[in-house]
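Visitor: Take a look at the following structure, please.
The values are calculated or read from the model by the stated rules, or taken from the named source; none is laboratory data. All values derive from a computational prediction rather than experimental measurement. Cβ: placed from backbone, ideal geometry, glycine included. Neighbour counts: every protein chain shown. With ligands, DNA and RNA removed, areas are computed over all heavy atoms of the protein, side chains included. Shrake-Rupley method; radii C 1.70, N 1.55, O 1.52, S 1.80 Å.
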Amino acid sequence: MVTRSKSPYLLLFPTMTLYGVFFVFPFLYSLFISFSEWQLLTGDMTFVGIQNYRQLAGSHIFKKAIGNTLMYVMATMPVSMVLGLMYALLIEQTKKAKALYRFIFFIPVVISVAAASLSFSLLYNARHGLINQVLALVGIQGPNWLNESKSALLALVILGIWQSFGYNVILFMAGIQQLDKELYEAAAIDGLSPFTRLTRLTLPLLSPVTFFVFVMTTLSSFQVFATVQILTMGGPNNATNMMVFFVWQEAFKFFNTGLATAAATVLFVAMMILTLVMVRIVQRKVHYQ
């Protein structure tokens with residue numbers, strides 16, 4: 001008769017307890033709140049069914065937040081990845097000061113979001129900002145970056161790219177350093193051009209790193225919040241209202257806790273489905289060594 005040891009379950013019990021307390025229970029409780037009308041100040045809670053989700057479906061501001069978030073992700077993610085890969089390749093070609101370059105490109109990652117946002121607010125100043133002053137030198141009148149609907153989202157995208165691509169540089173550099181150098185020596189002997197080596201060797205071999213960077217950059221872009229809160233507060237005219245900012249605004253500014261929780265649930269489900277789709281589709285083209 002085969003007896004099963006209880007030791008593995010005892011060892012897993014602390015971890016599963018923490019997981020249940022800090023993830024499963026909060027998720028289930030927030031799901032319950034999304035079907036309720038909860039007065040945060042008084043503590044009164046009334047079950048309202050799917051009323052919050054119906055209100056979201058008819059909310060122009062929520063739809064605007066979804067559209068803005070999608071545009072932000074589609075603009076930030078590919079540019080951040082391309083710049084990260086490009087600079088990683090360039091740094092690996094240099095023979096000196098690699099550590100210095102890694103430090104310089106990683107600075108935006110370690111700088112606090114508040115400090116970065118305030119610094120960019122000075123750069124985006126319509127009258128005295130450095131960006132508009134540079135544009136004026138070439139005869140271009142710069143926009144009022146943070147106060148015009150057409151330029152406010154672009155301003156956040158530029159800041160988002162600056163914040164994220166340095167982390168991608170480090171990841172791609174780590175992946176490049178793990179590649180088999182003998183393959184490149186053989187390719188050089190066969191007379192393959194640098195471009196052919198890039199497309200036929202480097203990019204396929206870097207596909208696991210590229211896949212990881214793609215998923216992480218996409219998910220982090222969906223969760224943009226602090227830069228919106230500090231620079232634009234979702235304006236002007238909701239031009240920079242994002243999904244996470246919408247949740248915060250409804251919960252802690254308008255005290256519509258049930259509606260905010262419903263929006264957070266929609267965001268969670270959307271990100272979960274997106275992650276599964278990305279894993280199923282993109283991972284097929286990933287070549288593990």
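Visitor: How much of S59 can a 1.4 Å solvent probe reach, expressed as accessible area in Å² and rounded to 10?
Guide: My reading of the accessible area for S59 is about 30 Å².
Visitor: Give me the compactness ratio for the chain, meaning the Cα radius of gyration over 2.2 N^0.38 Å.
Guide: 1.25
Visitor: In addition: Lysine pairs in the chain 8 or more apart or on different chains: how many have alpha carbons under 29 angstrom apart?
Guide: Final tally of qualifying lysine pairs is 9.
Visitor: Here's another thing I want to ask about it. Compute the distance from the alpha-carbon center of the stretch 238-289 to that of the stretch 174-210, in whole Å.
Guide: Using only Cα atoms to place each centre, the spacing works out to 36 Å.
Visitor: Can you put E148, E185, E250 in order of accessible area, largest first, using a 1.4 Å probe?
Guide: Result, largest first: E185, E148, E250.
Visitor: Work out the length of the dipole vector of the chain about its Cα centre, built from +1 on the beta-carbon of each Lys and Arg and -1 on the beta-carbon of each Asp and Glu, and round it to the nearest 20 debye.
Guide: Approximately 320 debye in magnitude.
Visitor: Still on this model: Where only protein heavy atoms count, and the probe is 1.4 Å, what is the accessible area per residue for the chain in Å²?
Guide: I get 61 Å² per residue for this part.
Visitor: If you don't mind, another one. For the stretch 166-289, just say rounded, prolate or oblate: build the C-alpha gyration tensor, square-root its eigenvalues into a ≥ b ≥ c, call rounded for a/c under 1.5, and beyond that prolate if a/b exceeds b/c, oblate if not.
Guide: prolate
Visitor: Compare I61, I230, I104 in a GNM of the chain, Cα atoms joined below 10 Å, and give the one with the largest fluctuation.
Guide: Evaluated over the chain, the most mobile residue of the options is I104.
Visitor: Measure off, as a whole percent, the carbon and sulfur share of the 1.4 Å-probe accessible area of the chain, all protein chains present.
Guide: That share works out to 68 percent.
Visitor: What FRET efficiency comes out for the pair V138/F103, r = Cβ-Cβ distance, R0 = 45 Å, nearest 0.05?
Guide: Once the sixth-power term is evaluated, E becomes 0.90.
Visitor: I've got another one for you. What FRET efficiency do you get for L89 and H60 if R0 is 35 Å and r is their Cβ-Cβ distance, rounded to the nearest 0.05? Don't skip to the end; give the middle numbers.
Guide: On the way: r = 44 Å, r/R0 = 1.26.
Efficiency, rounded to the nearest 0.05: 0.20.
Visitor: For M271 and W162, calculate 0.36 nm times their separation in residues minus their Cα-Cα distance, and state this gained length in nm to one decimal.
Guide: 36.9 nm
Visitor: Connecting C-alpha atoms closer than 10 Å in a GNM of the chain, tell me which of A155, A136, A126 has the biggest fluctuation.
Guide: Comparing A155, A136, A126 in a Gaussian network model of the chain, the most mobile one is A136.
Visitor: Which FRET efficiency, nearest 0.05, do L179 and I281 yield, Cβ-Cβ r, R0 25 Å?
Guide: 0.50
Visitor: Mind listing the phi-derived Karplus ³J(HN,Hα) values for the stretch 223-237, rounded to whole Hz, using 6.51, -1.76 and 1.60 with θ = phi - 60°, and x for any glycine or proline?
Guide: 9, 4, 8, 4, 5, 5, 5, 7, 8, 10, 6, x, x, x, 6
Visitor: Now for a separate question. Label-point separation (nm) for S149 and V82, each offset 7 Å from Cα along Cα-to-Cβ?
Guide: The two pseudo-label positions are separated by 2.8 nm.
Visitor: Just read off the accessible area of L40 with the full protein assembly in place, 1.4 Å probe, to the nearest 10 Å².
Guide: L40 has an accessible surface of roughly 70 Å² with all protein chains in place.
Visitor: Accessible area of F105, 1.4 Å probe, to the nearest 10 Å²?
Guide: 40 Å²
Visitor: Follow-up question, since we're still on this one. Relative contact order of the stretch 1-93, please, whole-number percent, based on alpha carbon pairs below 8 angstrom and at least 6 residues apart.
Guide: 12 percent
Visitor: What helices in the chain pass both tests, a Cα length along the helix axis of 30 Å or more and a mean Kyte hydropathy of 0.5 or higher, using whole DSSP H runs?
Guide: 60-93, 149-177, 257-282
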